[in-house]
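Laboratory data are not the source of any read-out in this text; all were calculated from the coordinates shown. Keep in mind that what you see is a predicted model, and the values were worked out from it rather than measured. Here Cβ is always computed from backbone atoms with ideal geometry, including for glycine, and neighbour counts include all displayed protein chains.
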Amino acid sequence: MAAGDSFYIATPIFYVNDVPHIGHAYTEVAADVLARWHRQGGDDTWLLTGTDEHGQKILRTAVANDTTPKAWADKLVADAWLPLLETINIANDDFIRTTDERHESAVTIFLQKLYDDGFIYSGEYEGYYCVGCEEYKQLDDLLETPDGDYAGQLVCKIHGRPVEVLKEKNYFFRMSDFQQGLLDLYESQPDFIQPESVRNEIIQFVKQGLDDLSISRSSFDWGIQIPWDHSHVLYVWFDALLNYITAIGYGTDDENFERRWPAVQLVGKDIARFHAVIWPAMLMAAGLPTPRKVFGHGWLLVGGEKMSKSKLTGIAPSQITDTFGVDAFRYYFMRAISFGQDGSFSWEDLSARYQAELANGFGNLSSRVIAMLTRYRDGVVPNGVELTEADEAIFAAAERVTAEADAAIERLAIHEALAAIWTLVDDLNGYITIQEPWALAKDPANAERLDAVLFTALRGLGTLAVLLSPFIPDAAAKLWSAIGGSGEVQQQNVRAAFDWTGGPLVTPLDSSLFPRIEQVEAGTTA
Ligand code: MSP
């Protein structure tokens, strides 16, 4: 993209029935890396995240905990969801809650418009409802369990819990009107849904035909009231999806809305259908542009299954960051899992990558180069050196890697961006091994050559600090300041990372960027 373009990225808004686990953190980190990259590239960036607080699931959790849904949501947001952003170092620009007045009033405007324009009608609905999914289910989505706690009942395939039969007078959204419009959208904008596997699944689904969508409930009142009928509240997904536009001023601040919308939307593939079918249909009905893209990333698996709190496989992000640190958390999930595919989390893999890639690969490289500049040159960065072919190869690699990483980020291939950047870490380590600056330092006759090697290695580190800042912001900032970079590393243009000219002085790192961690036994970290 061209610098200055709008880049608006949003995560799903998370249910506040429970505390976050690393699956939620995964989406947050991916969105944050993309946002930081674009921000550092000079794009007009906005990162939105938030919480989904209405609906039966939250209501029931609150009742089970002897409190009101609003008090419950307030507590979970303050004690768990906002602190998560600190734990994993998310630089979000906004945090929306569906109980915010700004959201509720803009939702009302949107609903009234759809109603006035004839896209909403009243009808009767009877169907199976899964409160875990907050969704009406078709028979194919259910299983009949022959034994166990729910013997003879129909259970949701995702949650493994019985569905409820609901029969209500509801308001309906004319979603079926948009079947062709959606298929045209998928065709004319082939990257609208990514990755390909999710795209194919959605196209298949829509081709089978769309029903109208029941969008109101009258059996409970924890939700946004339907403006023309206060005996109904809005269906929680219809409410939640609107956060992406209410947060940027839909209905109240046209200028900001125009500036930001449309968004790139990251979601887990479990909720891709809501985002790639219902959501664009809602926008089409309101005459608004559809999202730039909907990317359905894969699941973190534990024991081969989607990690989830309800199946007691949820791992709290702080279990990892307390031992490995926040940068390692961010790095690991972005590097080890191809973005778009499922990935199994394991402590052994995390520990091995930490040691090999962060501590030995990047951390060691940084401390060695800085230590040699300090020891051999009192920290003064050599200038006006004469470069050999080997040095030029490092500069060429830095330039190539900068472009490759940017192109990978543009494709949302976050793991490929990191892999590209890591080729520069490896090249620099190889370069130092071959050039042997410690051997050059033994003979004053080699002083000029040593200058060139230290200069080249330092320039490579500068490029790495800039390119890695979106991924591992703390380590990159520490490195940047040690190598004498001016200003803050997060202000340096990622797209020109290779072009760093270097500061005049380096100062020793006060501690390693990625210190050694005592052997971590699987699952035993506190
Ligand atoms: N509230 C809805 C979303 C509304 S958006 C308008 C919701 N919330 S959720 O709390 O259940 O969060 C679901 C999202 O959390 C997934 O889409 C995904 O982004 C993330 N993940 C939850 N578990 C996950 C894994 N095991 N693996 C990867 N991501 C996971 O659905």
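Taking the Cα atoms of the stretch 334-445, the ratio Rg/Rh between the radius of gyration and the Kirkwood radius comes to 1.06. Per q in 0.18, 0.22 1/Å, what log10 I(q)/I(0) does a Debye calculation on the alpha-carbon atoms of the stretch 397-526 return? Log-scaled intensity ratios, in q order: -1.04, -1.30. Taken over the C-alpha atoms, the stretch 430-482 has Rg and Dmax values of 13.6, 41 angstrom. Sorted largest first, the principal axis extents computed over the alpha-carbon atoms of the stretch 389-448 equal 49, 16, 11 Å.
Taken over the Cα atoms of the stretch 145-193, the convex hull encloses 143 Å³ per residue. Full extension of the segment from GLU164 to ALA3, taken as 0.36 nm per residue of separation minus the current Cα-Cα distance, would add 52.9 nm. Calculate, in whole percent, how much of the Cα-Cα pair population of the stretch 173-304 lies beyond 17 Å. Pairs farther apart than 17 Å: 62 percent.
Provide the FRET efficiency to the nearest 0.05 for the ARG368-LEU288 pair, computing r from the beta carbons and using R0 = 56 Å. The value I calculate is 0.55. Of interest is the spacing of the C-alpha centroids, which for the stretch 23-39 and the stretch 59-127 amounts to 22 Å.
Taking only the C-alpha atoms of the stretch 277-394, the Rg (one decimal) and the largest Cα-Cα distance, Dmax (whole number), read 22.7, 68 Å. With viscosity 0.890 mPa s and temperature 25 °C, the Kirkwood radius over alpha carbon pairs of the stretch 132-238 converts through Stokes-Einstein to a diffusion coefficient of 150 µm²/s. For the pair the stretch 129-152 / the stretch 373-435, the C-alpha centres are spaced 54 Å from each other. Evaluated at q = 0.21 Å⁻¹, a Debye calculation over the C-alpha positions of the stretch 225-286 (equal weights, vacuum) places log10 I(q)/I(0) at -0.97. Taking θ as phi - 60° and the Karplus parameters 6.51, -1.76 and 1.60, the scalar couplings of the stretch 476-487 work out to 5, 5, 5, 5, 4, 6, 5, 8, x, x, 8, x Hz in sequence order, x denoting glycine and proline. Translational diffusion of the chain was estimated from the Stokes-Einstein equation, with Rh taken as the Kirkwood radius over Cα pairs; at 4 °C and 1.567 mPa s the coefficient is 52 µm²/s.
Basic side chains Lys and Arg get +1 at the Cβ, acidic Asp and Glu get -1 at the Cβ, and with that the dipole of the stretch 356-500 about its Cα centre reaches some 400 debye.
Using the rule -39500 (n - 2.57) for each DSSP H run of four or more residues, divided by the residues of the chain, the 222 nm mean residue ellipticity is -13000 deg cm²/dmol.
Across 5 Å bins from 0, what is the distribution of all Cα-Cα pair distances for the stretch 189-240, in whole percents? Whole-percent P(r) values from 0 Å outward: 4, 18, 17, 13, 13, 11, 14, 9, 1. Rounded to whole numbers, the Karplus 3J(HN,Hα) couplings from phi for the stretch 106-113 are 6, 4, 4, 4, 4, 4, 4, 5 Hz, using 6.51 cos²θ - 1.76 cosθ + 1.60 with θ = phi - 60°, and x at Gly and Pro. Checking the Cα-Cα distances for LYS137/LYS167; LYS113/LYS293; LYS75/LYS137; LYS75/LYS157 against a 19 Å cut-off, the pairs over it are LYS113/LYS293; LYS75/LYS137; LYS75/LYS157. Extension gain, LYS442 to THR68: 0.36 nm times the residue separation minus the Cα-Cα distance gives 127.3 nm.
Which FRET efficiency value, to the nearest 0.05, do you get for SER231 and SER512 by plugging their Cβ-Cβ distance into 1/(1 + (r/R0)^6) with R0 = 56 Å? My answer for the efficiency is 0.35.
Along its principal axes, the stretch 1-49 has C-alpha extents of 40, 14, 11 angstrom, given from the largest down. For the chain, a crude dipole built from +1 on the beta carbon of Lys and Arg and -1 on the beta carbon of Asp and Glu, taken about the Cα centre, is about 480 debye to the nearest 20. For the stretch 1-113, the calculated P(r), taken from all Cα-Cα distances in 5 Å bins from zero up to the bin holding the longest distance, is 2, 11, 19, 19, 17, 14, 10, 4, 2, 1, 0 percent.
When only alpha carbons are used to place a centre, the stretch 305-343 and the stretch 230-287 end up 28 Å from one another. Over every Cα atom in the stretch 93-166, the radius of gyration and the widest Cα-Cα span, Dmax, amount to 17.8, 49 Å.
The fraction of all Cα pairs in the stretch 351-415 landing in successive 10 Å bins from 0 to the largest distance is 17, 27, 41, 15, 1, given as whole percents. Ratio of Rg to Rh for the stretch 220-361: 1.09 [Cα atoms; Kirkwood radius as inverse mean 1/r over pairs]. Each residue of the stretch 36-45 is assigned a 3J(HN,Hα), and the resulting list reads 5, 4, 5, 4, 6, x, x, 7, 7, 9 Hz, derived from the Karplus form 6.51 cos²θ - 1.76 cosθ + 1.60 (θ = phi - 60°), x at Gly and Pro.
Shape analysis of the stretch 261-329 yields a ratio of the Cα radius of gyration to the Kirkwood radius, Rg/Rh, of 1.14. Mean projected area of the convex hull spanned by the Cα atoms of the stretch 45-173, taken over all viewing directions: 11.5 nm². Within the stretch 413-456, the percentage of alpha carbon pairs spaced more than 13 angstrom apart rounds to 59%. All other residues whose Cβ lies under 9 angstrom from that of TRP422 are scored, Lys and Arg at +1 and Asp and Glu at -1, for a net of -1.
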